[in-house]
1. Mean-square fluctuation check for the chain, GNM, Cα pairs under 10 Å: which of ALA112, ALA270, ALA378 is largest?
2. What are the equivalent ellipsoid semi-axes of the chain, built from the alpha-carbon gyration tensor (square roots of five times its eigenvalues), in whole angstrom, biggest first?
3. In deg cm²/dmol, rounded to 500, what helix-only [θ] at 222 nm does the chain give when every DSSP H run of at least 4 residues adds -39500 (n - 2.57) and the total is split over its residues?
4. Return one number: the angle in degrees, 0 to 90 and rounded to the nearest 10, between the long axis of the Cα atoms of helix 77-89 and the longest principal axis of the Cα atoms of the chain.
5. Using a Debye calculation, one point per C-alpha and no hydration shell, please list log10 I(q)/I(0) for region 114-201 at q = 0.11, 0.14, 0.17 Å⁻¹ in order.
6. Just LEU186, LEU80, LEU88 to compare: in a GNM of the chain, with alpha carbon springs under 10 Å, which one fluctuates most?
7. Given the chain, what percent of its DSSP beta bridges are antiparallel, to the nearest 5?
8. With a/c under 1.5 counting as rounded, go ahead and sort region 319-431 into rounded, prolate or oblate using the C-alpha gyration tensor (a ≥ b ≥ c being the square roots of the eigenvalues; past the cut-off, prolate if a/b is larger than b/c, else oblate).
Amino acid sequence: MHITSWRRLAVVPLAVTAIGVLSPTWSGLGGAADEERTTITFWNGFTGPDGDALTERVNAFNESQSDYVVEMEIMPWDVLGQRLLPALGAGEGPNLAIGGAESVGQNANEGAFASLDEFYASWDEQDQVFPASIAATEWEGEHFSVPMTFSPILTYYNRTLFEEAGLDPDSPPTTWDEFEQAALALTEDEDGDGTPDQYGFVLPDHISPPIWEVFMWGNGGGTISEDGQTATIDDAASIEAVTRWSTLLRDSQISPAGINGPDGEALFAAGRVGMVVTGPWMINGFTEAGIDFGVTGVPEGPEGAFAPANSNMFFVSRDTMGDENQTAGVEAFLTFWNSRDNQIAWSVASGNPPTRTDITAEDVAENPVMAQFMEFQADARFFLPGIPNFSEVNSTIYEASMQRITAGEGTAEEIMTAAGEELQALLDDAR
C-alpha cells in the first residue's frame with residue numbers, strides 16, 4: 001500500500017507506504033553478469049504488499065536488457081526521509097528515489113535533484129501519460145520528476161451498513177445533499193450515551209487525504225489559487241463549504257472530531273463507519289477485514305466533484321546526470337516504467353491505477369476494484385500544487401485550521417479569515 005505525504009510528513013515530503021522494518025538491498029537478476037552492466041541504485045519505501053509488485057517489475061526491467069541493472073533498497077518512508085538528502089549531499093545517495101508530487105517544488109529548490117528536460121525532449125510516449133500528472137512534474141518551467149503512479153482519492157462505502165440504514169448500496173450518494181442524508185441515516189448512537197457507536201461519514205482533519213479541500217473545491221473555493229500564488233482559504237466559497245460540513249460533524253456527529261486518516265480507515269475496516277474518502281491502497285486492507293464495500297466519487301458540490309490526485313514521482317540525483325552510462329540507464333528504466341505493458345502488469349499486481357490514458361478497464365480486469373478508480377483519473381486535481389513549502393502550508397495552515405474548526409475553537413469564518421492572512425504571507429515569502 002502507498003500513501004502520499006499527507007499521511008506522515010518527512011524531511012523531504014515523500015509518498016508514504018505501509019510502515020515496516022528496513023528491508024535489505026535487493027538486486028535484480030537476469031541478463032549479463034552484474035559486473036558487466038551499469039548499476040542504477042533506487043531507494044523507495046514500498047515496504048507493503050505493493051513492494052513485492054515493485055520488485056517484480058524492477059526484475060522484469062533487469063531481465064529485459066543486458067546493459068543496466070537496477071539495485072533497489074526498500075526502507076520505511078520516514079527512514080528514507082532522514083537518509084536521502086544527507087546521502088545525496090555526501091555523494092552517497094541513490095540515482096533514483098520516490099517522492100510525492102507535492103514535493104516537486106521543495107525538491108527542486110534543494111538542488112540535489114536533476115532537471116529532466118532532456119529526458120522529456122526525447123520521451124516519445126509522454127503524451128500517453130495523464131496530463132495532470134505530467135504538469136505536476138514541473139517547477140518554474142522545468143521538469144524535475146517523472147510520474148510513477150497517478151490515482152484519484154475516492155469514497156468507499158459499506159454496503160452492509162447501507163442496507164441496514166435503508167439506503168440502496170447499488171445507488172450510492174453523489175451530491176452534497178445525498179451524502180448528508182446518507183451520513184445522517186448511517187450515524188447511530190445505540191446506547192444513547194451521546195457518542196455515536198457508528199458514524200456516517202468519517203471526516204479526518206489531519207494526516208489524511210484532503211477531504212475538506214474537496215468540499216471547498218466543490219463550492220468553487222480552495223486553500224490556494226491554481227497558480228499557487230494567492231490564498232483563497234478565506235474566500236466566501238471556501239468558508240461556506242467548511243461551515244456546512246463542520247456543523248454536520250459537530251452538531252449531528254456524523255464523524256468523530258479531531259480524527260486522523262489512519263484512524264478513520266481503521267474505523268471503516270472495523271465496520272463502524274458508513275463512508276470514508278481514501279485511495280486504492282486500502283482495497284486489500286478493507287477486503288481482508290471482511291468489509292463488503294463499494295467505491296464511488298467524492299461529494300459533488302454546486303461547482304462539481306473534484307477528487308484529489310495522488311501521484312508518486314521518480315526523482316533523479318543531480319550527480320547521476322554527470323555519468324553518461326547511468327543517465328542512459330535511468331532514462332531506459334523511466335521509459336520502461338511508463339510503458340503500456342509495464343503499467344498494465346504493475347496496476348494489476350499492485351492495485352495502483354496506471355499512469356497512462358490508453359489503458360482501459362478491460363486491460364486490468366484482473367483487478368476490478370482498482371479499475372473503478374480509473375473512471376475518475378481524468379478529473380483528479382492536485383492539492384496545494386506548485387508551491388515549495390507544501391509541508392508548512394499543509395500542516396500549519398490547512399490542517400491546523402480544520403482541526404481548530406472541528407474542535408469548535410471558533411467559527412469557520414473566524415479561523416479561515418485569519419488563516420488567509422497567514423497563508424498569503426507564507427506564499428509571498430516562498431517567492
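Computed from the coordinates by the stated procedures, all read-outs in this text should not be read as laboratory data. It should be emphasised that the depicted structure is a prediction, and the values quoted were computed from it without experimental measurement. We place every Cβ from the backbone using ideal geometry, glycine too, and count neighbours over all the protein chains shown.
1. For the chain, modelled as a Gaussian network with Cα springs under 10 Å, the answer is ALA270.
2. Values: eigenvalues 281, 123, 66 Å².
Square roots of five times the eigenvalues give 38, 25, 18 Å.
3. Numbers: 16 runs with 161 residues, N = 431.
Result for the chain: -11000 deg cm²/dmol, rounded to the nearest 500.
4. 40
5. Results for region 114-201 at q = 0.11, 0.14, 0.17 Å⁻¹ read -0.57, -0.65, -0.73.
6. Residue with maximal mean-square fluctuation among LEU186, LEU80, LEU88: LEU88.
7. Values: 29 of 43 bridges.
If we restrict to bridges inside the chain, about 65 percent are antiparallel.
8. Working: a/c = 3.79, a/b = 1.61, b/c = 2.36.
It is oblate, given that a/c is not under 1.5 and a/b is not larger than b/c.
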